[in-house]
């Protein structure tokens with residue numbers, strides 16, 4: 001999973017076919033999948049000056065999330 005420069009988020013991956021963005025936080029070893037994420041939402045997040053702030057303003061609480069079933 002590609003790592004990002006953020007104090008809150010360690011890494012972000014995106015599957016445009018499934019519209020699922022996987023987010024790994026520094027505070028947890030288990031990532032979360034966010035569903036229904038359009039490519040422009042993903043691009044805005046990874047391109048934000050503050051990834052953590054952007055995540056809290058535009059993603060958290062606005063999209064359904066789950067933990068990946070196949071995560072070891």
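Restricting the search to segment 57-72, which residues are surrounded by fewer than 13 Cβ atoms within 10 Å (Cβ to Cβ) and in contact with a strand residue (DSSP E or B) (Cβ under 8 Å, 6 or more places away or on another chain)?
Across segment 57-72, the qualifying residues are 64, 66, 67, 68.
Looking only at segment 23-46, count how many residues are under 13 Å from residue 4 (Cβ atoms), outside any helix (DSSP H, G or I) and in contact with a helix residue (DSSP H, G or I) (Cβ under 9 Å, 6 or more places away or on another chain).
Total meeting the criteria: 1.
Quick check on residue 54: is it assigned to a helix (DSSP H, G or I), without any contact (Cβ under 8 Å) to a residue 60 or more places away in the chain and either in contact with a helix residue (DSSP H, G or I) (Cβ under 7 Å, 6 or more places away or on another chain) or surrounded by fewer than 16 Cβ atoms within 10 Å (Cβ to Cβ) (or both)?
yes
Values in this text are rule-based calculations from the coordinates and carry no lab data. Here the structure is a predicted model, which is why all the values come from computation and not from measurement. Positions of Cβ are generated from backbone atoms using ideal geometry, with glycine treated the same way; all protein chains shown enter the neighbour counts.
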